[in-house]
Amino acid sequence: MNDSTVTLDSADAPQVAVNEPIISIDDLSFSYDLGDTNTLRNISLDIPAGKVTAFIGPSGCGKSTLLRCLNRMNDLVDTAKVTNGKISILGQDINAPDVDAIELRKHVGMVFQKYNPFPKSIYENVAYGLRVQGIKNKSVLDQAVEESLQKSALWTEVKDRLGTSALGLSGGQQQRLCIARTIAVKPQIVLMDEPCSALDPIATARIEELITELRQDFTIAIVTHNMQQATRVSDQTAFFYLGKLIEYDDTEVIFGNPKERQTEDYISGRFG
Amino acid sequence: MVKHFQRRGRKFFGLDKQGWIKGFFGSNAGISIVVLFLICFFLVVEAFRFFPAHHEGLKVYRKSGQEFVGHIMEQVDGYQEFVSFTNQAYFSEYDERFGKERGIKDSWEALLGEIEDGGEDLAEALEDARDEEDEAAIAEAESDYHAFLVDLTSEVEQESIDSFGRLKNQPEVWAALLEAALTYDPVEEEIPAFVAEAVRLQSEGMRSFAQAKDDIASAGTGLKDLRSKLTTITSQIAKDAENEKSNEARKFAILEGAEKLEGKEKEEALAEAQLIIIRDEFPYGERVKPLSDSKENHQEAVKTLREKLTRGIANLPGDLSSAKASELVEEIKKGRDRYLKNLDRSLRQASEWESDERVDFGESIAKFFFGNKWITNSSWTDVYGLLPLLTGSVLISCIALFFAVPISIGAAIYVNRLATQREQTLIKPSIEMIQAIPSIVLGFFGIMILGEHLQQWSQASWVPEFLQIKDRLNAFNAGLLLALMAVPTIFTLCEDALNNVPKSYSEASLALGASKLQTVVRVIVPTAISGILAAVLLGLGRVIGETMVVLLVAGNRISMPDWGTGLGIMVQPTHTMTGIIAQEMPEVGPGTLHYRALFLVGLVLFSISLSINIAAQKIIKRLGHA
């Protein structure tokens, strides 16, 4: 391996102790139009390892944009640009020129708002991330698929029909399959962009349950519109408004005794 | 009661304003459906009338005995090839071994011709003088003749006498010839010894070959005579039968016209009609009697041909000096068994021919769809077989798709998934612009530039021999141009199919650490595969229906490809279903068999495109459900 290229390989990735920041955002400004207008403005935020951090705020406040900055999904937009500051993950500046976004995404997984399994079998969906890494060994894949499906509480429901199309599952199951697919690659961080917004209350409850279990193995950042959800699943909460970070603290503090007036107005439903 | 809510406005012809607007748009849609229906109806009716007419033609072909003569013709045609091959072999061997001797003989004869032409009067004078035994006159005539010979030999040019240049490198032989000419005596007409020797040498050396050649050349004389005799008879029968049929119509017309006439004119017309005798049926049976009677002659002629040909071929010398001659003799020996087998088969068929045997209707259908010959405007009989045209169309389409499919799918993937915004705005319109090139311009380019260059490039040493292009206009050239025409169609539809893949699929794949290329190969293309398949099918539909380019560039040779050359069939000239219609339709009379045959080809073409389009639509529908 070339020394000058810094890769985030799980074997020799720096391990961060619990409660130390795994993601460190420093004075970040971000623009979707090459810097004409900043969608995110001067955000500084440390996300500790092994915790669940919730991003809340009204629509258009930039919380999803920030989440997509963390695994560089915004690269897909030609005119997107980080205009100021930097994001460090596991101590490495992820926008440095020698960082490969593909390598980064193997360590920072993502679950999307609308469940989006591939039109393939359940098995192939979970094995996909490993296959693109070049793993062909059947027993390794089998084991990873079973493990991931068990962790995402889907194994008992689908173990007899792994070969059938993933599109035949219910919405909640499809979303859990997407989580299984994401954790099969063994990322350190899982980003969730409103993972329950397309689901009914029962499926939502199951996903929330799952998030609580997953926090043992992964650092989770979750964007949500649902304030109750934030209180139920998260350790920390960050409140954004118009591209700025207004307040960031333990969840109990934010919902119990917020320091900022805007935060209080928002969580009490006076605007939003 | 007070009325509320009633309709406002006046009605015209029972329809209000909304009704008229609706009617206007509805009728526009209706017209296109009606037109489509009429086209289909017309095409089907015109085309299907081919079969009865074709059946009628086949019946006449059998009844008039043309079928019988056709077999003989086939036999003669095959035989002629042996004669021509043998002649070529003989003369190249002759030249190889006795080039000098042949030169001496031919040059002497040519010289002699010059001498006799110019010295006719002098030779006569000499002969008269000798007859009269007048010494002085003899001496004078001899010296006159000698002077003439001296003049002639000094003036004559070697090139004009030895026109094939056989003595070009033999100046001493030429000198000897001139020498001999100087002492030539027109009364004695003695041939110089060395010329006689040369003649003897070559005739002895070539004797066995010459004999074999004569055997082969004379083997078919009987059969050839029979053929020309019978051809005349049977053509006359067919013509008479045709005339009698038109007479029937003529008589009917005259009688009908006579109804309207009065008095004398009417009588005249009736008398004229009376002269036209119409029989219930044309007496084929009695007319073809000479043909039935010559079946035995035919057997005899074939037997002679078989014996003499076999003997001649067996007697062809084995060790030949000329490479070309031995190659030809090899060909002859190889072709012999096949020919003899065909000879037996056609002899059997000919002997089984009966003028009054029934012609199955199915035969008129089978001969069209499975016939491997398409011959029109021939002096003998027209043959309509679809196969050469169908294979031509399919061959060219395959070549076109072979090139167009990878290019357009590759370009579509690049533009849709990998290119930057700027590249997209450049590439997409460029490819779609190809569609704007008129096909006649493409064809012109194919003839003048592509054909020329392809032919040159194919002569390169690394190109295998069977792919070297002999004819500038061929299937490969046309296929390349059609590929160019298919690219925009396949590209655009393919790009649409790729566009229809939800963005969330590629996002999910990228978020799992797949590269853009992996995403395309593993997720995007498998998801869009039915759309891509449909795009390819529609491209095929575009290619198979294209006319102008193939008409100009494909070479228009109507024959089955020579399968023996393997992939070499790609560079052979061919003809297509579209091309034949465009080429022949302007020349045919409406209602003729040829006209209906072309309609039937059109119907076949229409059915092919229709099924391709239906298949593509089915595939796209299935994509919608996925």
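The values are calculated or read from the model by the stated rules, or taken from the named source; none is laboratory data. This structure is a prediction, so every number in the text was calculated from the model and none was measured. We place every Cβ from the backbone using ideal geometry, glycine too, and count neighbours over all the protein chains shown. With ligands, DNA and RNA removed, areas are computed over all heavy atoms of the protein, side chains included. Shrake-Rupley method; radii C 1.70, N 1.55, O 1.52, S 1.80 Å.
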From (1) more than 17 Å from B:P573 (Cα to Cα); (2) in the same structural domain as B:V536 (by TED's automatic domain parsing), pick out the condition that doesn't hold for B:L480.
(1)
Would you confirm, using the coordinates I've provided, whether B:E56 is closer than 29 Å to B:L178 by Cβ, open to solvent by 20 Å² or more (accessible area, probe 1.4 Å) and in a helix (DSSP H, G or I)?
no
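In this structure, does B:G118 turn out to be at pLDDT below 85 and open to solvent by 30 Å² or more (accessible area, probe 1.4 Å)? Before you say what the answer is, go through the steps one by one.
Working: at pLDDT below 85: yes; open to solvent by 30 Å² or more (accessible area, probe 1.4 Å): yes.
Considered against the rule, which asks whether it is at pLDDT below 85 and open to solvent by 30 Å² or more (accessible area, probe 1.4 Å), B:G118 comes out as yes.
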The condition from (1) buried (at least 17 other Cβ atoms within 10 Å of the Cβ); (2) within 14 Å of chain B (Cβ to nearest Cβ) that A:G57 misses is numbered (2)
Give me a count of the residues in the range A:71-91 that are more than 11 Å from every other protein chain (Cβ to nearest Cβ) and open to solvent by less than 30 Å² (accessible area, probe 1.4 Å).
6
Which condition from (1) of a type outside the set (A, V, I, L, M); (2) at pLDDT below 85; (3) under 19 Å from B:T221 (Cβ atoms) is the one that B:E296 breaks?
(2)
Answer with yes or no whether B:E124 is open to solvent by 90 Å² or more (accessible area, probe 1.4 Å), among the acidic types (D, E) and closer than 21 Å to B:A198 by Cβ.
no
Can we say A:L177 is within 14 Å of another protein chain (Cβ to nearest Cβ), open to solvent by 10 Å² or more (accessible area, probe 1.4 Å) and not in a loop (DSSP other than H, G, I, E, B)?
no
Regarding the range B:435-444, can at least one residue be identified that is over 30 Å from B:L551 (Cβ atoms) and away from chain A (no Cβ under 14 Å)?
no
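Quick grid of which residues meet (1) closer than 19 Å to B:N372 by Cβ; (2) without any contact (Cβ under 8 Å) to a residue 40 or more places away in the chain; (3) not assigned by TED's automatic domain parsing to the domain that holds B:L395:
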site	(1), (2), (3)
B:G564	yes, yes, no
B:A582	no, yes, no
B:P590	no, yes, no
B:A597	yes, no, no
Do we find a residue being away from chain B (no Cβ under 11 Å), part of a helix (DSSP H, G or I), β-branched (V, I, T) and loosely packed, with under 14 Cβ neighbours inside 10 Å anywhere in the range A:151-158?
yes
Evaluate the following for B:L426: is it modelled with pLDDT of 90 or more and buried (at least 16 other Cβ atoms within 10 Å of the Cβ)?
no
So for the range B:82-95 (the condition being part of a helix (DSSP H, G or I) and open to solvent by 90 Å² or more (accessible area, probe 1.4 Å)), does at least one residue qualify?
no
Would you please name the residue that is farthest from the other protein chains (Cβ to nearest Cβ), looking only at residues in the range B:484-534 that are touching a residue at least 60 places away in the same chain (Cβ under 8 Å) and of a type in the set (D, E, K, R)?
B:E495
When residues of the range B:508-528 are limited to those that are surrounded by fewer than 18 Cβ atoms within 10 Å (Cβ to Cβ) and of a type outside the set (A, V, I, L, M, F, W, C), the one farthest from A:A184 (Cα to Cα)
B:P526
All positions within the range A:24-49 that are touching a residue at least 24 places away in the same chain (Cβ under 8 Å), open to solvent by 30 Å² or more (accessible area, probe 1.4 Å) and out of contact with any Gly (no Cβ under 6 Å at 6 or more places or on another chain)
A:S24, A:Y32, A:D33, A:L34, A:G35, A:N38, A:N42, A:S44, A:D46
Say whether the condition of being within 30 Å of B:D214 (Cβ to Cβ), in a helix (DSSP H, G or I) and open to solvent by 100 Å² or more (accessible area, probe 1.4 Å) is met by at least one residue in the range B:26-37.
no
Taking the range A:97-126 on its own, how many of its residues are more than 7 Å from chain B (Cβ to nearest Cβ), touching a Leu at 6+ places or on another chain (Cβ under 7 Å) and not β-branched (V, I, T)?
7
In the range B:1-25, what count of residues is obtained for those that are within 60 Å of the chain's Cα centre (by Cα) and open to solvent by 100 Å² or more (accessible area, probe 1.4 Å)?
4
The helices (runs of 4 or more DSSP H) lying wholly within the range B:238-350 that contain at least 2 residues that are open to solvent by less than 40 Å² (accessible area, probe 1.4 Å) and more than 20 Å from B:Q88 (Cα to Cα) are B:263-275, B:295-315
Enumerated helices (runs of 4 or more DSSP H) restricted to the range B:135-220, each holding at least 2 residues that are of a type in the set (G, A, S) and either over 20 Å from B:G99 (Cα atoms) or in contact (Cβ under 8 Å) with a residue 60 or more places away in the chain (or both):
B:135-155, B:171-182, B:193-205, B:207-219
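Please work out if B:S461 is open to solvent by 60 Å² or more (accessible area, probe 1.4 Å) and among the small types (G, A, S).
Working: open to solvent by 60 Å² or more (accessible area, probe 1.4 Å): yes; among the small types (G, A, S): yes.
Spelling it out, B:S461 is indeed open to solvent by 60 Å² or more (accessible area, probe 1.4 Å) and among the small types (G, A, S).
To keep it simple, each residue is scored yes or no on (1) touching a residue at least 24 places away in the same chain (Cβ under 8 Å); (2) among the aromatic types (F, W, Y); (3) more than 17 Å from A:E213 (Cβ to Cβ).
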site	(1), (2), (3)
A:L130	yes, no, yes
A:G134	no, no, yes
A:A144	yes, no, yes
A:Q150	no, no, no
A:T164	yes, no, yes
A:S170	yes, no, yes
A:Q174	yes, no, yes
Matching residues, the range B:377-422, being open to solvent by 30 Å² or more (accessible area, probe 1.4 Å) and in a loop (DSSP other than H, G, I, E, B):
B:N377, B:S378, B:S379, B:W380, B:T381, B:D382, B:T420
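Whether any residue in the range A:208-223 is part of a loop (DSSP other than H, G, I, E, B), of a type in the set (V, I, T), surrounded by 20 or more Cβ atoms within 10 Å (Cβ to Cβ) and touching an Asp or Glu at 6+ places or on another chain (Cβ under 8 Å) is what I want to check. Give the derivation first.
Step one: list which residues in the range A:208-223 are part of a loop (DSSP other than H, G, I, E, B), which gives A:215-218.
Filter once more, keeping what is of a type in the set (V, I, T): none.
Looking through the range A:208-223, none of the residues is part of a loop (DSSP other than H, G, I, E, B), of a type in the set (V, I, T), surrounded by 20 or more Cβ atoms within 10 Å (Cβ to Cβ) and touching an Asp or Glu at 6+ places or on another chain (Cβ under 8 Å).
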Check off (1) over 30 Å from B:L291 (Cα atoms); (2) in contact (Cβ under 8 Å) with a residue 24 or more places away in the chain for B:F41 and give me the number that stays unchecked.
(2)
